[in-house]
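Visitor: Structure below; questions to follow.
The values are calculated or read from the model by the stated rules, or taken from the named source; none is laboratory data. Here the structure is a predicted model, which means the values were calculated and not measured. As a convention, Cβ positions derive from the backbone with ideal geometry for all residues, glycine included, and neighbour counts pool all protein chains shown.
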Amino acid sequence: MRKGEFLLGMALGTIVGGALGFLSQTRKGRRFRRDMKHKLEDLQDEVCDYVQRAKDKATNVKDDVVEKVNKQADAIKEKLNTSEDYD
């Protein structure tokens, strides 16, 4: 391992360790974790709502496509039946 990589690893380890110590020991860290938990819960709710709206929209589009395809199929069958009558 090169000296530069070792020093970079030590610096990153120090930063991560300090952040984890801050989050687990201080009052501000506990408050920060609580606030982050609430924000993440809110974000999760928003994402779930967005996904549900997307599913509903996809279902509506699918239903519209199926309806249009069925109408076209019926029209084609009608024309085929009409042309058979002339044969």
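Visitor: Which of the residues belonging to region 32-87 are of a type in the set (A, V, I, L, M, F, W, C), over 15 Å from the mean Cα position of the chain (by Cα) and within 30 Å of residue 20 (Cα to Cα)?
Guide: The initial filter retains those residues of region 32-87 that are of a type in the set (A, V, I, L, M, F, W, C), namely 32, 36, 40, 43, 47-48, 51, 54, 58, 61, 65-66, 69, 73, 75-76, 80.
Subset that is over 15 Å from the mean Cα position of the chain (by Cα): 32, 36, 61, 65-66, 69, 73, 75-76, 80.
32, 36, listed by residue number.
Visitor: With respect to residue 82, determine if the residue is of a type outside the set (D, E, K, R), part of a helix (DSSP H, G or I) and loosely packed, with under 10 Cβ neighbours inside 10 Å.
Guide: For residue 82, the condition - of a type outside the set (D, E, K, R), part of a helix (DSSP H, G or I) and loosely packed, with under 10 Cβ neighbours inside 10 Å - is met.
Visitor: Applying the selection to region 1-26, what residues are part of a helix (DSSP H, G or I) and exposed (fewer than 10 other Cβ atoms within 10 Å of the Cβ)? Before the answer, list the steps.
Guide: First, the residues of region 1-26 that are part of a helix (DSSP H, G or I): 3-25.
Correct list: 3, 4, 5.
Visitor: With the structure loaded, tell me whether residue 71 is in a helix (DSSP H, G or I) and modelled with pLDDT of 95 or more or whether it fails that test.
Guide: When the stated conditions are applied, residue 71 passes them.
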